[in-house]
Every structure is written in C-alpha cells, then in structure tokens.
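Q: If you scroll down you'll find the structure; I have some questions about it.
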Amino acid sequence: MNIVAEIQSHFIMKPFKVTLYCEGDEGCPIFDAFYDPTNKHWNGWQNPYFDKSNRDKFIEWTRQNGGDDTEYINELESIKPTLNGLYYFGSSIVWEEA
C-alpha cells in the first residue's frame with residue numbers, strides 16, 4: 001500500500017468483529033477489529049486491523065492455544081502499526097466475520 005492510500009485508509013476504516021476460522025469449534029475468540037473497504041478480503045477471508053489492545057489479546061490467545069511455536073509468536077509481535085495506529089493481521093491468517 002502506498003503512503004497516500006495508507007493515509008486515506010485512516011479515514012475510511014470500518015469497525016467489525018472477527019473470529020478465527022475454527023471448523024466445528026464453538027470456543028473461537030471474537031475480536032473487535034477494523035477493515036479497509038477497499039481491501040476487506042484476502043483469498044475470500046477477512047483482512048482485519050487491530051488496535052493495540054486486541055492485537056495483544058490475539059497474541060496472548062495464540063500463545064496459550066498454539067503450543068510452543070515461539071517463532072510464530074515472535075512474527076506476530078513484530079507486526080508494526082500502520083500510520084493510523086492499527087496493526088494489520090490479514091493476508092495470512094484465516095479470519096471470518098463474527
């Protein structure tokens with residue numbers, strides 16, 4: 001995303017709720033998130049942006065439920081906020097709108 005598009009997205013982000021795709025699992029967490037209407041989906045799945053609080057909740061949930069995959073946790077923790085202060089968690093994690 002170029003800098004102009006990123007700045008513009010700050011003004012058009014829409015709130016929504018997302019959950020991980022957990023086939024047959026009723027215990028999947030729901031997170032408050034935002035989406036860019038010009039880039040809501042990746043491969044048919046949601047492209048959420050989290051504020052810091054929900055970013056931290058997702059990382060902690062992953063740490064507690066994902067086993068000892070330290071490399072993956074480090075990768076999630078390395079995601080930096082965009083210019084609008086939100087953290088992009090799309091394009092690789094399978095998310096559904098909750």
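Q: Is there a residue being exposed (fewer than 15 other Cβ atoms within 10 Å of the Cβ) and within 12 Å of the chain's Cα centre (by Cα) anywhere in the stretch 19-31?
A: Within the stretch 19-31 (the criterion being exposed (fewer than 15 other Cβ atoms within 10 Å of the Cβ) and within 12 Å of the chain's Cα centre (by Cα)), the answer is yes, since at least one residue qualifies.
Q: Working only within the stretch 37-70, note down all residues that are touching a Gly at 6+ places or on another chain (Cβ under 9 Å) and in a helix (DSSP H, G or I).
A: Within the stretch 37-70, just Lys52 meets the criteria.
Q: If you don't mind, another one. Do we find that Ile73 is surrounded by 11 or more Cβ atoms within 10 Å (Cβ to Cβ), part of a loop (DSSP other than H, G, I, E, B) and at pLDDT 90 or above in this structure?
A: no
Q: Here's a check for you: in the stretch 22-36, which residue that is assigned to a strand (DSSP E or B) and not hydrophobic (A, V, I, L, M, F, W, C) is modelled with the highest pLDDT?
A: Asp32
Q: Ok, one more. Can we say Asn84 is out of contact with any Lys or Arg (no Cβ under 7 Å at 6 or more places or on another chain), surrounded by 13 or more Cβ atoms within 10 Å (Cβ to Cβ) and not aliphatic (A, V, I, L, M)?
A: Yes.
Q: Just the residues that are modelled with pLDDT of 90 or more and open to solvent by 50 Å² or more (accessible area, probe 1.4 Å), please, taken from the stretch 38-60.
A: Asp51, Lys52, Ser53, Asp56, Lys57, Glu60
Q: Cβ contacts < 7 Å: first residue of a type in the set (Lys, Arg), restricted to the stretch 35-60; second residue at pLDDT below 95, any location; separation 6+ or different chain. Result?
A: Lys40/Gln46; Lys40/Asn47
The values are calculated or read from the model by the stated rules, or taken from the named source; none is laboratory data. Here the structure is a predicted model, which means the values were calculated and not measured. Note: ideal-geometry Cβ built from the backbone for every residue, glycine included; neighbour counts use all protein chains shown. Just so you know, the surface numbers come from the protein's heavy atoms only, side chains and all, with ligands and any DNA or RNA stripped out. Shrake-Rupley method; radii C 1.70, N 1.55, O 1.52, S 1.80 Å.
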